[in-house]
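Notes follow once the structure below has been shown.
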Amino acid sequence: MESFVHLRKGTTPRRLHADLDGLKDDELGRGGFVGRTANMYRRNDPTAYRSVGPLRPVDVLSSELKPSDATDAHGGPMLMFSNADCQVLLSRRSEPMPFFVRYVDGDLLSFVHEGSGLLETEFGPLRYRTGDWVYIPKACTWRQIPSSPSTWLMVQATDEFRVPPPGTLGRHFPFDPSQTEIPDPQPIDDGDGPLVDGEYEVRLIHDGGPTSLFYQHHPLDVEGWRGDNFAFTFNIEDYNVVTSDSVHLPPTVHLFMEATGVYVMNFLPKPAESRPGTERTPWYHRNVDFDEIAFFHSGSLYGIPMPPGLVSHAPQGVHHGAPEKARERARRKFGEYDRVDWSVIAVDTRRRLIPSPELLANDLGQHQ
Ligand SMILES: [Fe+2]
């Protein structure tokens, strides 16, 4: 049970996540590192296993995935993972949508890995660029017009995405709301845009769908709007990274937005922990209560390049973490680096994620 007293049994370093002296730091923690926890100091790398059966980490290069929108303007994103709370999709659109779209099963939060362009929305035009988060409320009508080929990591949550409740850091954490880009209304005249045989198509994306609605007037005809349910973008350059000099902080301090069972985090460039003996690499863990997807946007792991666009899925109950040789390298080169330059987007889910057959077909097979 939870206790004011935390036990120590056997050989344990005095400091948390530091001074391991050859042992491997493995955390068995509930609630995504914020609940009851045990830090186990092991002799061997717990990720050194061979997996037989469906539970194993999966790694995929998103540049190798072929969503139909990559080659066909009429196409759509590719489903990568799903559960009852969310779908995680990949879009690689380069041509303007010849239709409008409406995700009617949930809020849409998308990360722009590559590309820029324009979104026409009911709230008005919204430009996007690399590094943007794009939030589109459930059932909002919109259309994407890329200026350059655009790769989006998309998360559709069944429940609403919200900013986490303000904690001890106040309302400007995780981000300053005044730094979001919010569209101004701009109704579009009938006759403009993707008119086909005198009609505009609004494609409803839903379980069992799609369904298309056809309008003879332009669907983006909003003269004005008011309220607190609107589309916006927020660029990760403006995200405030919380750091510590003496301990690698748990991922929850990087929480950006959340929906029921879905937690989205930004792991962004920051000063490296500088107190000698501090482990700069996240400790081993087995994702006790959350499936985890890491999307490598850019940067390196202390000089070891990480492939941009790599999608890595770590299921609940299976150990994962940077390989031991990367940890040894980080310790050896402690004095050479004073910053972390990675940008990684993480999507953690309470329920188990099911990888799609298309995704599994592209598994790099690093854990088979
Ligand atoms: Fe993890």
For the chain, just list the percent of Cα-Cα distances falling in each 20 Å bin from zero outward, please.
27, 55, 17, 2
For the peptides 348-357, 122-131, what is the packing order when you average, over each peptide's residues, the other Cβ atoms within 10 Å and list the highest mean first?
122-131, 348-357
Averaging 1/r across every pair of distinct alpha carbons in the stretch 192-266 and inverting yields a Kirkwood hydrodynamic radius, in angstrom, of 17.3 Å
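When only C-alpha pairs under 8 Å and at least 6 residues apart count, what is the relative contact order of the stretch 149-219, in percent?
21 percent
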For the stretch 121-178, just the Cα atoms, rotate onto the principal axes and tell me the three extents in Å, largest first.
40, 24, 22
Find how many whole Å separate the alpha carbon centroid of the stretch 73-142 from the alpha carbon centroid of the stretch 156-200.
11 Å
Around ALA326, what is the net charge, scoring Lys/Arg as +1 and Asp/Glu as -1 over all other residues with Cβ under 12 Å from its Cβ?
+3
Positive end of the dipole of the stretch 1-126, charges at C-beta (+1 Lys, Arg; -1 Asp, Glu), about the Cα centre: which of TYR41, GLY29, VAL52 has its Cα farthest in that direction?
TYR41
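Residues with beta-carbon under 11 Å from that of LEU118, excluding LEU118: net charge, scoring Lys, Arg +1 and Asp, Glu -1? Walk me through the numbers on the way to the answer.
Numbers: positive: ARG127, ARG129, ARG143; negative: GLU120.
Net charge around LEU118: +2.
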At a threshold of 8 angstrom on Cα-Cα distance, excluding pairs fewer than six apart, so keeping six or more, what relative contact order does the chain reach in percent?
21 percent
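Every read-out reported here was derived from the displayed coordinates using simple, explicitly stated rules and does not represent laboratory data. Fair warning: this is a prediction, and the values are worked out from it, not measured in the lab. All Cβ positions, glycine included, derive from the backbone under ideal geometry; neighbour counts span all protein chains shown.
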